[in-house]
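Beneath this line is the structure, given in structure tokens, with notes to follow.
The values are calculated or read from the model by the stated rules, or taken from the named source; none is laboratory data. The model shown is predicted, which means the values in this text are computed figures rather than measured ones. For neighbour counting, all protein chains shown are included, and Cβ atoms are generated from backbone atoms with ideal geometry for every residue, glycine included. Heavy atoms of the whole protein, side chains included, go into the accessibility calculation; ligands, DNA and RNA do not. Shrake-Rupley method; radii C 1.70, N 1.55, O 1.52, S 1.80 Å.
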Amino acid sequence: GMARPAIPMSIPLRVGRREFAPSLPLTLLMAVLAVVFVLLGHWQWRLGEARAAQYARFERGAAQVIALGDASLESVPAYQRVSIRGVYDGAHQFLLDNSISDGMDGYEVLTPLLRHAAAAVLVDRGWVPFTGSRAHLPAVRLSGGAAVTVVGRVGRLPAAGLSFGRAPPPPGPRWPKVTSFPRPSELSAALGRPVARRIVLLDPHAPNGYVRAWTLPGMSALQNWGYAIQWWAFAAAAVVIWLVLSLRRCR
């Protein structure tokens, strides 16, 4: 039978003393890379927009203080400043392990605030340094009994990126209990009473607190947008490399 004509792997085009002849494999490779880089840039840009919206909510939350009464913490937006009245249970506190402040290891102090007709609220009273020994925990005891009004932001318990970093509160009578990335249900079981899923981040200048400089965890929107621009620059570089490698001297 007749032989089929070979499909050309490039389409030559004269550009001065050079010939523009991109090969099909190189063109496909660079096209795939450019598309992937553009999509990664778009993904980072969207992350930056979501992050900027989070920062906007964080700023709006500081504008006013909402008195919650017996309402749930879920009834207000995240990062909203609220005031809650209750009694601190200073005898049953949690120390959140693996907390770092200015490069130093320590704990976040979670103290239950007992409310009259609602679930207990865990108040993050701030960061305390590691004493150097697990056998000697920081002195965070707080005398309870008197009703107090606590003002702070609505937040969430820190979440572990990997399951092996978690450690629920240990059983037994010893308090405070050291725990790492606990679930609200585990804290509730240790306390023997219902606790709210959200927590309150005690205002930086409120009494009965430790080191508090509340910020949003993770990178800023500007960092995300910077990564987006980098990915798009890689896409442009892939196109430039394709053009350069496709130009050959005329024979």
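In table form, for the structure just shown:
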| read-out | value |
| --- | --- |
| Protein accessible area in the chain, 1.4 Å probe - carbon and sulfur % | 63 |
| Net charge of Cβ neighbours under 15 Å - reference Leu137; Lys, Arg +1; Asp, Glu -1 | +2 |
| Whole-angstrom gap from the range 204-251 to the range 68-97, using each part's C-alpha centre | 37 |
| Under 5 Å, built H, 5+ apart or other chain: amide partners of Leu157 | Ile199 |
| For the range 126-134, Karplus couplings with θ = phi - 60° (6.51, -1.76, 1.60), whole Hz, Gly/Pro x | x, 9, 10, x, 5, 7, x, 8, 5 |
| Rough spin-label spacing in nm, given labels placed 7 Å along Cα→Cβ, for Ala189 and Phe130 | 2.7 |
| Amide H within-cut-off set for Ser99, under 5 Å, with H built and near neighbours excluded | Gly106, Glu108 |
| Extension gain (nm, one decimal) between Ala146 and Thr215, 0.36 nm per residue minus Cα-Cα | 21.8 nm |
| ³J(HN,Hα), Karplus 6.51/-1.76/1.60, whole Hz, each residue of the range 177-192, x for Gly, Pro | 9, 7, 9, 10, 6, x, 8, x, 5, 5, 5, 5, 5, 5, 7, x |
| Tensor-based shape of the range 142-215 (alpha-carbon gyration tensor, a/c under 1.5 rounded, otherwise prolate or oblate) | oblate |
| Residues with amide H under 5 Å from that of Gln93, placed H, sequence gap 5 or more | Lys177 |
| Packing rank of 120-127, 182-189, where each peptide gets the mean count of other beta carbons within 10 Å, highest leading | 120-127, 182-189 |
| Rounded to whole Hz, the Karplus (6.51, -1.76, 1.60) HN-Hα couplings of the range 70-80, x for glycine and proline | 9, 5, 6, 5, 6, 7, 10, x, 4, 6, 5 |
